[in-house]
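Read through the structure below, which is laid out as structure tokens, and then see the notes.
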Amino acid sequence: MVLTITSFVGFTLLVLGLSYYLTRKQDASSSEGYFLAGRGLTGWVIAASLLLTNLSTEQMVGLNGQGYMFNMSGIGYELGASLALIIVAFFFLPRYLKKGYATIPDFVGERYDSATKQFVNFLFLAGYVLILLPTVLYSGAIGMGGIFNIMDTFGLSEMTAIIIVVVAIGVLGCLYTIFGGLRIMAIADTLNGIGLIFGGLMVPLFALAYVGGGDILGGLTEVVTAHPEKFNAIGGPTDPVPFTTMFTGMLLVNLFYWGCNQTIIQRALAAKNLKEGQKGLFLAAIFKLIGPIYLIIPGIVAFHIFQDNPLKVGDMAYPMLVNKVLPFYLIGFFAAVLFGAILSSFNAALNSSSTLFMLNVYKPLIKPTATDEELVRKGKYVGIVLAIFSMCVAPLIAMAPSGLFNYLQMVNGFYNVPIFTLIIFGMLNKTAPAWSAKVTLVFFMVGYGLTQLGVIKTDLHFLHILAILFVVSVVFMYITGKLWPAPNRYDDGKDLNIVDTTPWNLRVVVSVAIVLCVFGLYVLFSKAGIGA
């Protein structure tokens, strides 16, 4: 245990130290330097930061838990992300960079009006502060506590163990917020990303070697032969991701997440030019193709290993597998990599929340004369306050009903696709008035809430419901744009030349290759391949 803790602390401090050293001479005193890394991120840094921001214990533990309990249908989240990233690279990012937007609500304000911008900004802040930040801390504490077995090792109660890990993540998040903003986070993500690739792949390799008595291919053959039904990614109505949702709500959710979610797209908005931004998105899409190797397959292998003594909770499959198959001298390193992923998700939400508040609330509404230095200084204070608030709220989740976590995931539907509807329609249509955007937001959230709370009875998957509401909202906004067109048409054609918007010359070739890989993987993990 001493060696495990030493390697964990050592790698964590190494990443923090190197990140600070590599960015110590970079200017983070201006709002653009602090919130957007001086618009100087390269493709590899953007890709690594996107992946680490996205990847946390929610995915490592949750998707492997689905693999343990169900099958490969959860692959839809990863492969759907690859397809969405292609669309974001071609359609969304050029429009964002051409106008030099710092936040997604900036586009909403320019396309509709300032009131709609503040409405959307409020929805983002509420979602991050009340849902995302505390959930990342809590799920991170559960995952780290399970890997280290903190309760038994140190004789702590479950609540005490959760509080210790929550505070550790929160304090480190504050350090990143104080010392460097987005740039130091992106560099740390790159370093952790290298470790994550090795660490994430170690688990299934060691697990398969464990099954095969040292033979990885033999272990894989044994698991596939014993449980072919587990390797079917064509999900049915009762699976976590029914295959039909890939063409409805799953596509919308992925497009919002990768193209309109401030926490994610802020990395691409900080690109030094469009070429590097697109390169980063395509690299992230390629890496998402291998995600199922460490996000779903370990859960299936855990099902095989623990089949004689089934786990009561599927989400415990991944931490139990790590403890069972990894050599003791690697557990500390892997825990440090996972800790980095948790920290990345927390930092991203923290920085984005601070960005949204300072640039869209403090600057225009509270103090229009605020200087860049003041925005950065007070932005750090906002980040620290939000971190402390999240640390206080996160442990309370353990005292809530067991279904709360699933409820929190469902709650995201109240704002993600409604906001996406306004953005995608606003880009494609220039005449819908601002009042129709506000009506659409209210209608969408109320309609979705009535179905999820059971007031309107339906057996449809919530992703299908989101797709139906999306279509109804688009039709409504189209009609209002025809009958009551906005007095001033939005002009998205002018390039403000903030960064070079020359596209990457390999974007088409890489896109075709990614689409073919997605198709091939679905064939492989189906009844036509190795599934049953």
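Structure above, values below:
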| quantity | calculated |
| --- | --- |
| Rounded percent of accessible protein surface that carbon and sulfur make up, the range 218-344, 1.4 Å probe | 65 |
| Additional length obtainable on full extension of the chain from Leu396 to Thr371, 0.36 nm per residue less Cα span | 5.2 nm |
| Val224-Phe519 FRET efficiency (beta carbon distance; Förster radius 22 Å; 0.05 resolution) | 0.60 |
| Nearest-10 value in Å² for the accessible area of Thr263, using the 1.4 Å probe | 10 |
| FRET efficiency, Val512 to Leu201 (Cβ-Cβ, R0 35 Å, nearest 0.05) | 0.85 |
| Dipole-positive endmost among Ile87, Thr103, Phe70 within the chain (Cβ charges, Cα centre) | Thr103 |
| Gyration tensor verdict on the range 376-520 (Cα atoms; rounded if a/c is under 1.5, prolate if a/b is larger than b/c, oblate otherwise) | rounded |
| Helix-only CD estimate at 222 nm, as mean residue ellipticity for the chain, using -39500 (n - 2.57) per DSSP H run (n ≥ 4) | -22500 deg cm²/dmol |
| Accessible solvent surface per residue of the chain, calculated while the other protein chains remain in place, 1.4 angstrom probe, Å² | 40 |
| Accessible surface of Ile162 - all protein chains present, 1.4 Å probe, nearest 10 Å² | 10 |
| Whole-Å distance, taken between Cα centres, linking the range 351-386 and the range 277-319 | 38 |
| Equivalent ellipsoid semi-axes - Cα gyration tensor, the chain, angstrom | 36, 28, 22 |
| Accessible area of the range 442-515 belonging to carbon and sulfur atoms, whole % at 1.4 Å probe | 67 |
| Under 30 Å from Lys275, Cα to Cα: lysines that are on another chain or at least 8 residues apart | Lys25, Lys98, Lys99, Lys117, Lys288, Lys430, Lys494 |
| Other-chain or far-sequence residues with amide H under 5 Å of Ala271's (modelled H) | Leu41 |
| Amide N proximity, the range 221-239 versus Asp308 label position 7 Å along Cα-to-Cβ, cut-off under 19 Å | 222-227 |
| Extension gain (nm, one decimal) between Asn323 and Glu110, 0.36 nm per residue minus Cα-Cα | 71.5 nm |
| Cα-based helix-to-principal-axis angle, 249-259 vs the chain, degrees rounded to 10 | 70 |
| Where trypsin sites (Lys or Arg not before Pro) in DSSP loops with at most 15 other Cβ within 10 Å are excluded, longest remaining stretch of the chain | 26-311 |
| Which of Leu255, Ile194, Ala271, positive extreme of dipole for the range 194-302 (C-beta unit charges) | Ala271 |
| Prolate/oblate/rounded call for the range 477-532, Cα gyration tensor, a/c under 1.5 rounded | oblate |
| Nearest 10 degrees, 0 to 90: helix 43-54 Cα axis against the chain principal axis | 70 |
| C-alpha long axis of helix 57-69 to longest principal axis of the chain, angle in ° | 60 |
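The values are calculated or read from the model by the stated rules, or taken from the named source; none is laboratory data. Just so it is clear, the structure is predicted and the values come from calculations on it, not from any experiment. Quick reminder, even Gly has a Cβ in these numbers, built from the backbone with ideal geometry, and neighbours come from all protein chains shown. Areas reflect the complete protein model, heavy atoms only, side chains present, ligands, DNA and RNA absent. Shrake-Rupley method; radii C 1.70, N 1.55, O 1.52, S 1.80 Å.
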